[in-house]
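Here the structure is laid out as structure tokens; the discussion comes afterwards.
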Amino acid sequence: MLIPDKKGYFGDFGGKFMPETLFSCLDELGHFYAKIKNNKKFKEEFTFYLKEYAGRPTLLYFAKNLSKNLRMKIYLKREDLLHTGAHKINNSLGQALLAHHMGKKRIIAETGAGQHGVSAATVARLFNFQCDVYMGEEDIRRQRMNVFRMKTLGARVIPVKSGSKTLKDACNEAMRDWVTNVRNTYYLIGSTFGSHPYPMIVRDFQSVIGKEAKRQILNKEKRLPDYLIACVGGGSNAMGLFYPFYKDKRTKMIGVEAGGINRNLNSASLNFGKPGVLHGAKTYILQDKFGQVKATHSVAAGLDYPGVGPEHSFYKESGRAKYVTINDKEAVEGFKMLSELEGIIPALESAHAIAYLKKLAKKAKGSLTVVCLSGRGDKDLEIVQECIDKTLNSKS
Amino acid sequence: MKNMITLKEKFSQLKKQNKKAFIAYIPFGFPTIKFTKGIILTLQKAGVDIIELGIPFSDPIADGPIIQEATSIALSRGANTTKLFALLRSLKKDIKIPIVFMTYYNPVFKFGVDKFFNNMNKAGASGILTVDLPIDESKEYLKSARKSNIKTIFFVTPVTPKLRAKAITKASGGFIYYISVTGTTGMRNISYASIAKHLKEIKKMSKLPVCIGFGIHSRKQVKEVSRISDGAIIGSAIVKFIKENHAKRNFLNKLEKYVKALKSKDRN
């Protein structure tokens, strides 16, 4: 099976639901990518930057204390150790190379937690692009440190004041910019969402995570894992880990969505959403009965998005992966648990995946599990402190 | 009693009178649903040829700030597709000019494409433009629309290649919407010379009327656009007028005067 198909569909999901103005440019990108992706020089170039600039391969670390505590065998895929502190750099390097070879001079990006924004700003310096990053005002407030980083890297951070002022609105604004400046601008999408060919391109660039993990676990354990666990917002770190294991049917995949505060206020599109069309793709989205996209919430800005990559919708429908939720409170507990047991501070996004281990441990004692630790938690310290203060206050 | 006329009848009427279409866009439910009713009837009275009724959507990626704000206000006051159909059904006797919908795909998809077109038909609407539904994704949509006799209007843009433009004209009904600039909706300058050249090519591909939208906000632009195409579509400028004047006394009279002035051939 070829996924996606020629029209950009993963089963029933995906496609190209974009304004007409963007068509030639999506076509151009699709053709260019098809031509270059198996080009030996391009592959070598990409591998070079992943290794020499980003710091790959990342470690597959056996989390001894965590494993003992939960009575499982847990390995962490340490994407948090990459340059810029998250898996986002894999995709940004790949797409920057594409844009560079396409002769584009300007890149734009959307960002939630700021991790993709930082990685886009970073590659913009490396390849000398002008770089504008759209970021919701609410996210700018809660991820100040990443805003400073982007500005230090010479990117313009454009605050988005519309809607919920988070990732979704940043995407809207980036698409408006793109539709206006389509002739000279490359849109460096940060996750496996958007119109075809983006979900495929981002997946391909991120699949280095799963390819390495597979090799490493076979090396260490001489067998494939029972479980793969990753957090899912747009879904790029999860798809990066899952995809190379797609055919290994005995390895179960679990995507962890942001359960937010409750059933009505969360970012768990696959758990609580319905199929719809948003930002260029048919996929699960959180919407009301009239097809209006609902407000979302997650303590992790990078998961705070009402849609999800179409390939995840396909994995859900076909049963290849299971999608669960971890709420804000549990995620903060996961954040603390990993910090305290392993001396590793995870990003709040990744903390969702960590927190789920506690639930999995109840039914899968002894299982061999690989978790994608997609990013480091420095950016989230203020938020977590706020959460802890709040809990203390409400108790006293 | 004669109901709404079709897009085809409208354009042939205009042709006989040696006139070009003046198409006005308004978002449904802005500033309130009650206003929409008065505004539709006023636009008709002011001599608007076709009304493009926008369905508010939470994430309007092809719209500029004016329409974004208006549609978000409409949504916050409860505008939805069910109420839109109800309003149009209640106005069926009073509306004589064609109504077309301008929408994003998700509200249609969620409603059920077949059911949506069926409801449009019952409400007397003539055509539909779906901003983020390109011809490549429109197979079922086209089938459904035909069944309910709804014309599917698609977009051609300044960056649409020739071959693709041809395919677009084939899928189109009613008229073809030519987007004047790459960008979102909103008021700006447009370059007539390059558009005129492109339009000539498109006219060779199809007999359908071609109307121009995006950016048009002055009488002078309406005149220029009408000279090189079959009609002008004015959106943001009217929305801005509604926003600034709806709370004033005699708002509908003011709106009528404003639209008549935009349409007027005489003064410059």
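Numerical summary
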{"item": "Given (1) within 21 Å of A:A281 (Cα to Cα); (2) outside any strand (DSSP E or B), number of the condition A:T58 does not satisfy", "result": "(1)"}
{"item": "Wholly within region A:107-188, helices (runs of 4 or more DSSP H) carrying at least 3 residues that are within 14 Å of chain B (Cβ to nearest Cβ)", "result": "A:167-180"}
{"item": "Tally, over region B:133-174, of residues that are within 19 Å of A:K7 (Cα to Cα), in contact with a Lys or Arg (Cβ under 7 Å, 6 or more places away or on another chain) and either of a type in the set (A, V, I, L, M, F, W, C) or open to solvent by less than 40 Å² (accessible area, probe 1.4 Å) (or both)", "result": "2"}
{"item": "Which listed residue, of A:R156, A:R142, A:R183, is open to solvent by 30 Å² or more (accessible area, probe 1.4 Å) and modelled with pLDDT of 95 or more", "result": "A:R156"}
{"item": "A:I261 being surrounded by fewer than 20 Cβ atoms within 10 Å (Cβ to Cβ) and either away from every other protein chain (no Cβ under 14 Å) or of a type in the set (F, W, Y) (or both)", "result": "yes"}
{"item": "Failed criterion for B:T185 (all others in (1) within 14 Å of chain A (Cβ to nearest Cβ); (2) part of a loop (DSSP other than H, G, I, E, B); (3) open to solvent by 50 Å² or more (accessible area, probe 1.4 Å); (4) among the polar types (S, T, N, Q) hold)", "result": "(3)"}
{"item": "Search result, residues across region B:237-246 that are assigned to a helix (DSSP H, G or I), open to solvent by 10 Å² or more (accessible area, probe 1.4 Å) and touching a residue at least 60 places away in the same chain (Cβ under 8 Å)", "result": "B:K240, B:K243"}
{"item": "Any chance B:A70 is open to solvent by less than 10 Å² (accessible area, probe 1.4 Å), under 19 Å from B:K260 (Cα atoms) and in contact with a helix residue (DSSP H, G or I) (Cβ under 7 Å, 6 or more places away or on another chain)", "result": "no"}
{"item": "Residues of region A:60-71 that turn out to be under 17 Å from A:L241 (Cβ atoms) and open to solvent by less than 20 Å² (accessible area, probe 1.4 Å), as a count", "result": "2"}
{"item": "Which numbered condition A:G366 misses (of (1) part of a helix (DSSP H, G or I); (2) open to solvent by 20 Å² or more (accessible area, probe 1.4 Å); (3) farther than 25 Å from A:F13 by Cβ)", "result": "(1)"}
{"item": "Looking only at region B:127-182, and only at residues there that are hydrophobic (A, V, I, L, M, F, W, C) and more than 19 Å from the chain's Cα centre (by Cα), the one that is nearest to the other protein chains (Cβ to nearest Cβ)", "result": "B:V159"}
{"item": "Inter-residue pairs, beta-carbon under 7 Å, first farther than 12 Å from A:T111 by Cα and among the basic types (K, R) and in region A:135-150, second modelled with pLDDT of 95 or more and part of a helix (DSSP H, G or I), 6+ apart", "result": "A:R149/A:V118"}
{"item": "Among the residues listed as B:I5, B:I40, B:I55, B:I51, the single one being modelled with pLDDT under 95, under 18 Å from B:A123 (Cα atoms) and open to solvent by less than 40 Å² (accessible area, probe 1.4 Å)", "result": "B:I5"}
{"item": "Residue tally, condition open to solvent by 30 Å² or more (accessible area, probe 1.4 Å) and over 19 Å from A:F62 (Cα atoms), over region A:222-251", "result": "6"}
{"item": "Matching residues, region B:21-41, being touching a residue at least 40 places away in the same chain (Cβ under 8 Å) and over 16 Å from the mean Cα position of the chain (by Cα)", "result": "B:P31, B:T32, B:I33, B:F35, B:K37, B:G38"}
{"item": "Matching residues in region B:191-228 - criterion: being part of a loop (DSSP other than H, G, I, E, B) and buried (at least 19 other Cβ atoms within 10 Å of the Cβ)", "result": "B:L208, B:P209, B:F214, B:I216, B:H217"}
{"item": "Output for region A:330-345, where each listed residue is open to solvent by 20 Å² or more (accessible area, probe 1.4 Å) and without any contact (Cβ under 8 Å) to a residue 60 or more places away in the chain", "result": "A:E333, A:K336, A:S339, A:E340, A:G343, A:I345"}
{"item": "Strands (runs of 3 or more DSSP E) wholly inside region A:240-321 that include at least 2 residues being within 25 Å of A:F23 (Cβ to Cβ)", "result": "A:274-278, A:281-285"}
{"item": "Condition broken by B:R249, with the remaining ones in (1) in a helix (DSSP H, G or I); (2) farther than 23 Å from B:L7 by Cβ satisfied", "result": "(1)"}
{"item": "Among the candidates B:A86, B:A123, residue that is among the small types (G, A, S), surrounded by fewer than 24 Cβ atoms within 10 Å (Cβ to Cβ) and within 14 Å of chain A (Cβ to nearest Cβ)", "result": "B:A86"}
{"item": "Filter pass, A:D389 being surrounded by fewer than 19 Cβ atoms within 10 Å (Cβ to Cβ) and out of contact with any helix residue (DSSP H, G or I) (no Cβ under 7 Å at 6 or more places or on another chain)", "result": "yes"}
{"item": "Matching residues in region B:60-79 - criterion: being hydrophobic (A, V, I, L, M, F, W, C) and facing chain A (nearest Cβ under 8 Å)", "result": "B:I61, B:A62, B:L75"}
{"item": "The one condition in (1) assigned to a helix (DSSP H, G or I); (2) open to solvent by less than 10 Å² (accessible area, probe 1.4 Å); (3) not charged (D, E, K, R) that A:T192 fails to fulfil", "result": "(1)"}
{"item": "Failed criterion for A:P57 (all others in (1) modelled with pLDDT under 95; (2) open to solvent by 10 Å² or more (accessible area, probe 1.4 Å) hold)", "result": "(1)"}
{"item": "Which numbered condition A:S191 misses (of (1) touching a Pro at 6+ places or on another chain (Cβ under 9 Å); (2) more than 12 Å from every other protein chain (Cβ to nearest Cβ); (3) of a type outside the set (D, E); (4) closer than 22 Å to A:G103 by Cβ)", "result": "(4)"}
{"item": "Enumeration of residues in region A:1-42 that are assigned to a helix (DSSP H, G or I), open to solvent by 20 Å² or more (accessible area, probe 1.4 Å) and within 18 Å of A:G309 (Cα to Cα)", "result": "A:G30"}
{"item": "Some residue of region A:294-307 being more than 14 Å from chain B (Cβ to nearest Cβ), among the aliphatic types (A, V, I, L, M) and closer than 26 Å to B:T130 by Cα", "result": "no"}
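The values are calculated or read from the model by the stated rules, or taken from the named source; none is laboratory data. Owing to the predicted nature of the structure, the values given are computational and were not obtained by experimental measurement. Neighbour counts run over all protein chains shown; Cβ positions are idealised from the backbone, glycine included. Keep in mind that these areas ignore ligands, DNA and RNA; they rest on the heavy atoms of the full protein, side chains included. Shrake-Rupley method; radii C 1.70, N 1.55, O 1.52, S 1.80 Å.
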